[in-house]
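What follows is a set of notes on a single structure, which appears directly below.
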Amino acid sequence: MLPGNGIFGRDEFKLGLDLKGGSHLVYSIDLTKKDPAQKDADVIDGVKRKIERRVNAYGVTEPIVQTIRNERGSFVLVQLPGVKDIDEAMKLIGQTAELDFRELKVDEAGKPVLDEQGKEQWVKATAKGSDGQERELAGKYLKPNAQVVLQPQTNEPEVAFEWNSEGAVLFEQITQRNLQKPLGIFLDNQLISAPTVQAVIKEKGVITGLNIDAARTLAIQLNSGSLDVPLQIVERRDIGATLGEDSLRKSLMAGIIGSAMVVLFMIAYYRFSGFVACLALVVFVALNLAIFKLIPVVLTLPGIAGFIVSIGMGVDGNVLVAERLKEELRRGRTLGAAIEEGFRQSWTAIFDANVTVFIACIVLYWLGNTFGNFLVIGFATTLFIGTALSMFTQVVVTRTFLRTVVGLGMARSPGAYGVAKQ
Amino acid sequence: MIDLVGKRNWFFLISAIVIIPGIISLAVFGLKPGVDFSSGTAMTLDFEKEVELSQLRQELTDLGYDKAIVQPAGKGDFFLRLPEISAEETTKLKESLETGLDTKITISSLYSVSPVVAKGTVRNTIIAVVVASIGILLYISWAFRKMPKPLRWGTCAVIALMHDLVVVIAVFSILGWAAGMEVDALFVTGVLAVVGVSVNNIVVVFDRIRENLKRGVSHDFEVIANYGIIESLGRSLNTGLATLFVIVALYLLGGVTTHTLVLALLIGIATGIYSSLCIAGQLLVVWEKGLTSRQKAAPSPA
């Protein structure tokens, strides 16, 4: 990171999907359908890369594509913040998008062979490749520059594509022998269109018969490459943008009101120690927010809840110290000695008390990760950071403040620490 | 000085009054699993025009979704829970409802989980709870390594901890059949967080009792324990209150997404304050002296 570009910059907080709105999708990768020659890891990696390309071409800002492998299988997790048309996006990501070309099955007389329902049958078009091998013409021979164009006369959308050299060799032979005959274009074994071949073509072609959205999706899929194995959606979470905004506003409100109550309570009960604790709390909140930006932590609703809870629990150390301080003052120690003694005696309790929270957070983080639940991860992360930081501010910041105060000779009366005059 | 240890049987009784019906509810009704654990599709529908609950129910039955659970979700929104349906079915359902009820519908949130994921979630949750429990047990035995009888202190802490967890889970079980409250991954998150926070209260109280034991405040362990608890009272109540302030604010003002998490925390932390002051130390005394005794016992081994 360059200075001024992150560390000192005023980046926005990174908001999770539940606050920004969008869609969280988990697909299972069906490895039983893979080519046995391929390694599992390569297939999964290929799926991930192709989905990334598709999502980027679709124009989503800050998408997340992650693979999860566990004993239940292999999954790919896709987060699409701010996506409006989720159905279309799901089609774009989830489809295998295997493109092939087929010719009509004909008998020796050249008549189409019909199946039981009287429909014509299609067979995959093959031709001799440049090395003399018989090959199927498929999407993998396309150059990655397919695009949507509007047919000038009819204004209908078309996907214009270009073959690479091998594809051109095959396509030439196939169009040659199918002149004036239909050539079926299939996507995932579904017929999209069956134009009649008008001329021998080598490099270029168009696919018609799609609406504008489907054409756009297909163009992206052709350019990203087809997936080697089928995907199946196993988890889907959509959050409307307004709902996210509403939740964010509510949580912030809750945080502000909750913190204000903590501040009032601390000052009312512990007087000057309480006031110092609140100053430490301000430092705590500022440091915490800075860390959220620096790491950066993706803030989710449970994440904000975790942070707010850590504000409440964060006074614990201060309470412990303030209570000890009161006791030591009652025992008649001087203020300076009481402060040192208060901190010394509270440290084991502060430390021990926070270890359990750390254990819980680590387990939760693991749990959230195993099933890609960003809400659980969000809570575990912020609560962990909050607890660790509060240990630091309770001990270092509060002590420094109190020592400074003693050094300056302010607030010397025990009454200022909530000890009644005897 | 308040005698919190002397009233221990009353405290045990109060806990029993809450826990026994809770355990019965758990045994009879269990917990109501949310989409995370049972698979299915849950969505919140935002209607442009106001729609009656009965109308919506009728319409869903007509569409063949007679098993759908429908709940009002405020501001004319409805929460809908169905067995898992595909994206196409979801779109079709929305469109059919729009024509049937003559209004525009926005799906403001949707959560759909297939059985394969739900099964794994249940399994991982169980692993997480077991791992967390082992971690906490190890920690407790470490934290009490300097105590006279570490096993005894550790066991009492674990019992007090279980007490808090049972209360949280039992309340959710009761809310399950009484108010349709479902448990989800965030509920588990709340429960595990309660484990962390609750042990921490107990540790602070025990820390004080240990200190008094070392100082030799009294010959009577009952008095020592009571001293320790009373000395922790201010800290436990004040920290607890501060935490509860923010949690209550989150519960009342925060969004619905975190309701189960925050409610679990609220119940768990409140119970944790109670059990650290009224149950945990008292259990130590019971172990030392038996349930009934108030007579002066031999000084506890220090």
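Values quoted throughout were computed directly from the atomic coordinates according to the rules given, and no laboratory measurement underlies them. Computed from a predicted structure; not experimentally measured. Cβ atoms come from the backbone with ideal geometry, glycine included; neighbour counts cover every protein chain shown.
Quick rundown of the values:
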| quantity | calculated |
| --- | --- |
| Charge sum, other residues only, whose C-beta stays under 13 Å from A:Phe379's C-beta, Lys/Arg counted +1 and Asp/Glu -1 | -2 |
| Relative contact order %, segment A:240-417, counting alpha carbon pairs below 8 Å whose residues are six or more apart | 33 percent |
| Gaussian network model of chain A, Cα within-10 Å springs - most flexible of A:Gln66, A:Gln173, A:Gln221 | A:Gln173 |
| Span-like helix ranges in chain B, DSSP H, alpha carbon extent 15 angstrom or more, Kyte mean at least 0.5 | B:8-29, B:115-143, B:150-179, B:185-215, B:221-253, B:259-275 |
| Global form of segment A:14-110, assessed from the alpha-carbon gyration tensor, a/c cut-off 1.5 | oblate |
| Length released on extending from B:Ile20 to B:Ser96, taking residue separation times 0.36 nm less the Cα-Cα span | 22.6 nm |
| Estimated FRET transfer efficiency (A:Ile291, B:Lys146; beta-carbon r; R0 35 Å; 0.05) | 0.55 |
| Given A:Lys140/A:Lys202; A:Lys34/A:Lys124; A:Lys48/A:Lys143; A:Lys84/A:Lys140; A:Lys33/A:Lys84, the pairs whose alpha carbons are separated by over 23 Å | A:Lys84/A:Lys140; A:Lys33/A:Lys84 |
| Part-to-part distance (alpha-carbon centres) for segment A:255-298 and segment A:317-374, which is given in Å | 15 Å |
| Shielding by partners - mean other protein chain Cβ count within 10 Å, residues of B:110-122 | 5 |
| Nearest-0.05 FRET efficiency for A:Asp115 and B:Val130, computed from C-beta distance (R0 35 Å) | 0.05 |
| Among B:Asn124, B:Asn226, B:Asn201: highest mean-square fluctuation, GNM of chain B, C-alpha pairs under 10 Å | B:Asn124 |
| Filter on B:Lys32/B:Lys94; A:Lys293/B:Lys119; A:Lys119/B:Lys67; A:Lys204/B:Lys92 - keep pairs with C-alpha separation over 32 Å | A:Lys293/B:Lys119; A:Lys119/B:Lys67; A:Lys204/B:Lys92 |
| 10 Å Cβ neighbours from other chains, averaged over peptide A:296-305 | 4 |
| Label-point separation in nm, A:Ala41 to B:Leu53, each point 7 Å along Cα→Cβ | 5.5 nm |
| Of the GluC sites (Glu not before Pro) in segment B:1-107, those whose Cβ has at most 13 other Cβ within 10 Å and which sit in DSSP loop | B:Glu48, B:Glu50, B:Glu52 |
| Excluding exposed DSSP-loop GluC sites (Glu not before Pro) (at most 12 other C-beta within 10 Å), longest clean stretch of chain A | A:117-422 |
| Nearest 10 degrees, 0 to 90: helix A:374-392 Cα axis against chain A principal axis | 30 degrees |
| Neighbourhood charge, 11 Å Cβ-Cβ cut-off, centred on B:Met43 and excluding it, Lys, Arg +1 and Asp, Glu -1 | +1 |
| With at most 16 neighbouring Cβ atoms within 10 Å, loop chymotrypsin sites (Phe, Trp or Tyr not before Pro) (DSSP) excluded, longest segment of chain A | A:14-422 |
| A:Gln153-A:Lys204 pseudo-label distance in nm [points 7 Å out on the Cα-to-Cβ vector] | 1.7 nm |
| Trypsin sites (Lys or Arg not before Pro) restricted to DSSP loop in segment A:328-401 with at most 12 other C-beta within 10 Å | A:Arg331 |
| For segment A:97-186: rounded, prolate or oblate by the Cα gyration tensor [a/c cutoff 1.5] | oblate |
| Whichever lysines have a C-alpha closer than 26 Å to that of B:Lys149, once near sequence neighbours (fewer than 8 apart) are set aside | B:Lys7, B:Lys214, B:Lys289, B:Lys296 |
| 0 to 90° range, to nearest 10: angle between helix A:212-224 axis and chain A longest Cα axis | 80 degrees |
| Most mobile listed residue (A:Val363, A:Val113, A:Val234) in chain A, GNM with C-alpha springs under 10 Å | A:Val113 |
| Computed over segment A:1-141: relative contact order in percent, which uses C-alpha pairs under 8 Å that are six or more apart | 19 percent |
| Trypsin sites (Lys or Arg not before Pro) restricted to segment B:34-89 and DSSP loop, no more than 12 other C-beta within 10 Å | B:Lys49, B:Lys67, B:Lys75 |
| Prolate/oblate/rounded label for segment B:40-112 (Cα gyration tensor, a/c 1.5) | rounded |
| Residue mean of other protein chain beta carbons inside 10 Å, A:341-351 | 2 |
| Principal-axis tilt of helix A:165-177 within chain A, Cα atoms, nearest 10 degrees | 40 degrees |
| Net charge of neighbours whose Cβ lies under 14 Å from the Cβ of A:Pro230, counting Lys and Arg as +1 and Asp and Glu as -1 | -1 |
| Efficiency of FRET between A:Ala160 and A:Gln133 - r from beta-carbon atoms, R0 35 angstrom, step 0.05 | 0.80 |
| Computed over chain A: relative contact order in percent, which uses C-alpha pairs under 8 Å that are six or more apart | 18 percent |
